[in-house]
1. Give the residue from A:Ala183, A:Ser55, B:Gln113 lying farthest towards the positive end of the charge dipole for the protein assembly as shown; charges sit on Cβ (+1 for Lys and Arg, -1 for Asp and Glu) and the dipole is referred to the Cα centre.
2. For chain A, modelled as a Gaussian network with Cα springs under 10 Å, which listed residue fluctuates most, A:Thr375, A:Thr254, A:Thr228?
3. Work out the charge dipole of the protein assembly as shown with +1 on the Cβ of Lys and Arg and -1 on the Cβ of Asp and Glu about the Cα centre, then indicate which of A:Val350, A:Thr82, B:Ala249 is farthest towards its positive end.
4. Could you give the size of the charge dipole of region B:22-222 about its Cα centre, using +1 on the Cβ of each K and R and -1 on the Cβ of each D and E, expressed in debye and rounded to the nearest 20?
5. Calculated from DSSP H runs of 4 or more alone, at -39500 (n - 2.57) each and per residue, what is the 222 nm mean residue ellipticity of chain A, nearest 500?
6. Could you grab the Rg to Rh ratio for region B:1-103? Cα atoms only, Kirkwood for Rh.
7. Between B:Val155 and B:Glu98, what FRET efficiency comes out of the Förster formula 1/(1 + (r/R0)^6) with R0 = 30 Å and r the beta carbon distance, rounded to 0.05?
8. Using only protein heavy atoms and a 1.4 Å probe, how much accessible area in total is buried between B and A, to the nearest 100 Å²?
Amino acid sequence: MIDSKQTPARLARWLVPRAVALAAALSLTSAAAIPAAEPIKIGVIGEESSVAGASITKAAQMAADDINAHGGVNGRQVMVITYDDHSSSSDAVRAFQRAVTEDKVSAVIGSYISEVALAIEPWSGRMHMPFITPGAASTDISKHVHDDYAQYKYTFHGWLTSAFIAQSICDFEHDTIVKDFHAKTTVVMSEDAAWTTPLDAQYLDCLPKAGLKVLDHIRFNPDTTDFTPIFNKIEGEHPDVITTGISHVGVQPTVQWHDQRVPIAMAGQSSQATTSTFWKDTNGDAEGVITASAAAPGVAITPGTIPFTDAYIKRFGSSPAYDGYTTYDDVHIIADAIKRAGSTDPDKIVAEMEKTDYVGTIGKVQFYGQSDQYTHAIKYGPGLVTGVDIQWQNGKQVTIWPRDKANGKITFPAAIKSPH
Amino acid sequence: MTALQILIDGFAISALYALAAVGFTLIFGVSGVLNLSHGGIMLVAALIGWWAAGDLGLGVYGGTLVGILAGLLTAYLTYFVVVRPIQRSRKIPREETEIFVLTGTLLWGIMIQVGMAALFSDNPVTMRPLIRGVVDIFGVRTPKNEIMIAVVCWVVIGLLWLLINRTRVGKSMLAASINPRGLTLLGFDLSRIYFLVWSIYGTLAGIAGVLLASFLGVGTANAGQLTASAFSIVVLGGLGSVSGSLLAAFVVGYLETITAYLLNPTLRPIPALLLLVLVVYLRPQGLLGRR
């Protein structure tokens, strides 16, 4: 209260600090009102308790830190808000809704599980929120965008579709296992999941073209823990190589394959084997296992690959899973789109993301257009993104394909008799 | 050839099922507790064993011991933190105690599972086998570890049988399962018997968890499945009947193995579950059950 008996000096003592505080408060409020200082928020939905899912949130934070260290986007900082969906579609949808309605993000990156990405996709359309999945593989994600572009155009597919993963593996097996080891036959062994349906369809189409006769096609429940009967059946068919499509399982079939001395090589997609912890989880039984991946430590797919991998290992103690690479690229792709659009308007972001031509950590990233079969999925092919094939050798992931990126050759442990 | 393969594989998996289920049924028989955190306790043994063997550098034998110890400690924790407070609570009506224990252990099991996933991720892990290598049994390539697991399971079950039928404490446990009130009147301390039975249970679950980790591998996602399989074996065999559980473990183990080999690996658990439904209809007390 101001007392009428106050002297001017006392009044000044009362008034001045308050005026200064008021001015400071006003200036802060007006600063907050200037959009340039507000951070650009990107929601990142991961699966913290799985190795692949945890790579998503870690790599996103790294990308945001790097962008901010270089001045941000149009003078604004990038802020990553992370959510854990516990590998559950309903948790993921809730996280997505929260990100949009409460946290006011400008775009969302999420999940390596196809079922989860497919659950988020319609919400991305309804809420007009740009969404990109860095690790899911189902071809249905881009098929939905193709079939109903107006509704689904906000969804992008930041990793190779199952069909391209299968094609990449067929190309690899043709170039190495067929040409160098004279393999002629294979058995396809896949877990029963959304991502493997199109994967297997493509396998059955492209493996014969690659020179491998498919002797059998085995799909098993992802809850399977005892793989002995499966390996037993496969061994009875005498294929030269087992072509895998596994992601939910990995450690268990690998250890049992080793302990039972199954004499047939395993190649294909074994997502758990793309992470550096796989060696420890299998006690070294991963020796000789071949899997496709986005990138591998020590291999310069682009000038950005090694610096990112090294920085990630330094910060988190293990190498990124395949979706760590793609997430790191995706944050940059979104940031660049916002920079070019000069706005966080979702339609403008989508329009700019469609023009993406970005050399990231896994290759040159471009998205297929509205008239292509896989609308908004990343383009596959030489000079774009092909992925790599790695083999576990003495505790290290050695890149064996494509040949121009390879830093080692295929060698099989003594127990493996085929292919030779 | 396939027949022999089924015989060998089925035997190993059944022995492991039996070991895991025996402790589960013992606890029910003696103290009336259906412990739905069973899979969680096996999980702790497996993951801590794996961690101690690798990250702590204790090697496979040290890791195995630490794993079993971790299983035992988790069983004690389950008893003292979850089960006993519910049993002794005056706020819970007597007739509802069992349902509260059921719910309490179920939630506790989920807490263990989620906690372990946060600590170790949900990637499955495998312990290095105690013995490496394979032997040829009439043309069937069998990992030596698989044979050893079957042997260890039977030795442990045999020791348990001796303990129950040939020792004084074992007989008091048996008596507790038949007439706890009578035992109290004879001057036995029931809580000591319960402590003993939880000790046996924890050790068995610990051994089963560690062996499972070295045989098939264990991940946090398996916890529910492990509880469910022990539960269905025990219901099939007759709740509280140890010999019934042994029989049921072999019925389930072989049914699963035969299905996986001759029909389709994906259908593996189905016939055993159908049998369970049939037993519940036709013989609700189970194959060898008393109640």
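The values are calculated or read from the model by the stated rules, or taken from the named source; none is laboratory data. On a predicted model such as this, the values are computed, not experimentally measured, just so you know. Heads up, the Cβs are rebuilt from the backbone with ideal geometry, glycines too, and the neighbour counts pull from every protein chain shown. Remember, those area values only see protein heavy atoms, side chains included, never the ligands or the DNA or RNA. Shrake-Rupley method; radii C 1.70, N 1.55, O 1.52, S 1.80 Å.
1. Value: B:Gln113.
2. Most flexible of the set in this elastic network: A:Thr228.
3. B:Ala249
4. Details: 14 positive and 8 negative charges, 118 e Å.
Dipole of region B:22-222, to the nearest 20 debye: 560 debye.
5. Details: 14 runs with 172 residues, N = 420.
Result for chain A: -13000 deg cm²/dmol, rounded to the nearest 500.
6. Details: Rg = 17.7 Å, Rh = 15.8 Å.
Rg divided by Rh gives 1.12.
7. 0.35
8. Working: alone 14330 and 17300 Å², together 28930 Å².
Summed over both sides, the interface buries about 2700 Å².
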